[in-house]
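Asks: Dropping the structure in here first, questions after.
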Amino acid sequence: MPVIRSSEAVVHEIHGARFVSYATPLTGSKELCAWRGEVPPGTKAPAHTVNKEEILHVLIGTLRVTLDGRTDDVAAGDTLIINPGSTLAVENPTDQTALTWVTTSIGLEAELADGTRITPPWAN
């Protein structure tokens, strides 16, 4: 039975946010990846287009999310469905770190507006 203890999770930092990965092929997952996102106050991640569906659930705090040109605030208890091909930008305009739980398929890639492709290590 694969159990990933919090002390075994791998931490990655990019664009001012922390990604604490739990479920990946390296930890025994065959199809899905899952991680906790930590988005500090004032963080503004660049817009990116994803190739896989993502499910983002806000655990604590509030985030301002722009998805395919529409901007909404999502708060603790809210879930955002990001379809493949969607363009997403996330920012934390509050004074509290927001925590999220994200699940996606193995093989997630993101493309920035300038054409740079990112293969997040916490999703592969």
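The values are calculated or read from the model by the stated rules, or taken from the named source; none is laboratory data. For clarity, every value in this text was computed on a predicted model and none was experimentally measured. Reconstructed Cβ throughout: ideal geometry from the backbone, glycine too, with neighbour counts over all protein chains shown. Surface areas here come from the heavy atoms of the whole protein model, side chains and all, with no ligands, DNA or RNA. Shrake-Rupley method; radii C 1.70, N 1.55, O 1.52, S 1.80 Å.
Asks: So what's the net charge close to Pro84: Lys and Arg +1, Asp and Glu -1, counting the other residues with Cβ under 14 Å from its Cβ?
Replies: Around Pro84, the charge tally is -4.
Asks: Suppose all protein chains stay in the model; what accessible area per residue would a 1.4 Å probe give for the chain, in Å²?
Replies: 55 Å²
Asks: Full-extension gain between Leu32 and Asp72, please, as 0.36 nm times their residue separation minus the C-alpha to C-alpha distance.
Replies: Fully extending the segment from Leu32 to Asp72 adds 11.7 nm.
Asks: Follow-up question, since we're still on this one. What whole number of Å gives the distance from the Cα centroid of the stretch 77-95 to the Cα centroid of the stretch 1-26?
Replies: The distance from the Cα centre of the stretch 1-26 to that of the stretch 77-95 comes to 20 Å.
Asks: Where the accessible area of the stretch 25-124 is counted over protein heavy atoms with a 1.4 Å probe, how much of it, in %, is carbon and sulfur?
Replies: On the stretch 25-124, the fraction of accessible area on carbon and sulfur atoms equals 53 percent.
Asks: GluC sites (Glu not before Pro) within the stretch 1-34: which are DSSP loop residues with at most 13 other Cβ atoms inside 10 Å?
Replies: Those that pass, being in a loop and sparsely packed, are Glu31.
Asks: While we're here: What value does the chain have for Rg/Rh, both radii from Cα atoms and Rh as Kirkwood defines it?
Replies: 0.94
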